[in-house]
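Down below is the structure, laid out as structure tokens.
All of the numbers you see were taken from the coordinates with simple rules; none came from a lab. Small disclaimer: the values here were computed from a predicted structure and weren't measured. Here Cβ is always computed from backbone atoms with ideal geometry, including for glycine, and neighbour counts include all displayed protein chains.
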Amino acid sequence: MMQVMIASGILFISCQVALIFHPPLWLLLLVYGAFGIAGSFNIILLAHTRRIFPANVTGRAISAVNLFGFGGVFVVQWLLGAIINRFPPDAAGHYPPEAYSAAFLFTAFGTLLCLLWYIPLARTPALVMQPKEA
């Protein structure tokens with residue numbers, strides 16, 4: 001489980017870094033495909049949460065993962081808009097490619113920090129569920 005999350009995190013970061021450099025269309029299609037696949041592996045965190053927290057707090061832990069996941073998306077989207085808005089739009093109202101490069105650089109760096117934070121947690125041994133004594 002840990003190796004899958006780390007590999008998908010590295011792929012996710014790699015895709016964001018590739019987008020910073022404005023790849024050609026044929027490569028862009030591959031990058032976005034890999035970006036979508038790598039981004040979908042975050043659901044494994046729910047299974048990992050169940051493995052490392054005791055049964056009596058599993059519901060709270062999974063709720064926290066969901067809360068911070070959705071709340072984090074809200075905050076990151078707002079920050080991306082703030083980053084892009086720092087660049088002046090052209091006469092047609094379009095932002096320059098550098099604005100989006102800056103936004104992807106921000107998310108790539110944030111993803112890298114999260115991955116580095118996750119690695120020690122991923123090494124946490126799974127709790128073995130003990131049956132209740134009657």
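Could you tell me the ratio Rg/Rh of the chain? Both radii from Cα atoms, Rh via Kirkwood.
1.09
Karplus-based coupling profile of segment 59-74, in residue order and whole Hz: x, 5, 5, 5, 4, 5, 4, 5, 4, 6, x, 5, x, x, 4, 4, with θ = phi - 60° in 6.51 cos²θ - 1.76 cosθ + 1.60 and x standing for Gly or Pro. Here the label points at residue 41 and residue 7, each 7 Å from Cα along the C-beta direction, are separated by 0.7 nm in the simple model. Normalised by the number of residues in segment 2-122, the mean separation of alpha-carbon contacts (under 8 Å, six or more apart) gives a relative contact order of 37 percent. Computed from Cα positions, the angle between helix 25-39 and the longest principal axis of the chain comes to roughly 20 degrees.
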